[in-house]
Structure formats: C-alpha cells, structure tokens
Amino acid sequence: TTAFGPTVTTYVPQEPVPSPPDFVLWSFFNSMFCNVFCLGFIALSYSVKARDRKIAQDPAGAVGFGKTAKTLNIAALCLGTLTIVVFAVLLIIFSRSLPVLN
C-alpha cells in the first residue's frame, strides 16, 4: 500500500567553508616599505596566486600559496625592520662623530 499525505523534507544547512587567507594587504605593505631582497614583491605575487586559487575554487592551492606568502612576509618584515634599525643606529653613531662647525 501507498501512503498519501504530506511529504516531509528535512534541510540540513551546510556550514560555510572558511576562506583561506591570502595576505594581499600585508604583502602590498611589505612590497612598498620592507622590500629587502625583493621579498615583499615575491610575497605579493604569491598572495595574488593564492587569491586566484580562491576564485578558482581550489582551497588546497590557495592554502599552499598563502602559507608561502605568509612566510615571505614574515621574512620581509623582519629583515626590513632590522635594516631600518641598523641604519638608524649607524646614522646616530656617525652623526655624533662628525665635527661641529661654528
């Protein structure tokens, strides 16, 4: 026998998949201000690749390029900060050793 009546349908909402980070803004900052050995520019290119992979619905590729961009950004920021500090210290040391002209 067949039961006639209302059909009950259950809807299970899927949880949203978190978007992998691409670090584009951080890479842009590093390419403008902390571009030691062009690491900021290379990080920017990997960030753009990560964003392209996100748009192409390839989260595994986006995560890989994002991790590489993050590593390059950390290296660029550390080396850039170290370079600025060293130049500031050298500037202070050499400015004190210059003779004062009256």
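With respect to the stated conditions, VAL85 is over 17 Å from the mean Cα position of the chain (by Cα) and at pLDDT 95 or above. The residue that is farthest from the chain's Cα centre (by Cα), counting only those in the stretch 7-22 that are under 30 Å from PHE65 (Cα atoms) and open to solvent by 100 Å² or more (accessible area, probe 1.4 Å), is GLN14. Of the numbered criteria (1) open to solvent by less than 100 Å² (accessible area, probe 1.4 Å); (2) modelled with pLDDT of 95 or more, the one LEU25 fails is (1). Please verify whether VAL63 is in contact with a Ser or Thr (Cβ under 9 Å, 6 or more places away or on another chain), touching a residue at least 24 places away in the same chain (Cβ under 8 Å), closer than 17 Å to PRO20 by Cβ and among the β-branched types (Val, Ile, Thr), treating the condition exactly as stated. No: the conditions fail for VAL63.
The values are calculated or read from the model by the stated rules, or taken from the named source; none is laboratory data. Remember, predicted model here, so these are calculated numbers, not experimental data. With ideal geometry, Cβ positions are generated from the backbone for all residues, glycine too; neighbour counts draw on all protein chains shown. Just so you know, the surface numbers come from the protein's heavy atoms only, side chains and all, with ligands and any DNA or RNA stripped out. Shrake-Rupley method; radii C 1.70, N 1.55, O 1.52, S 1.80 Å.
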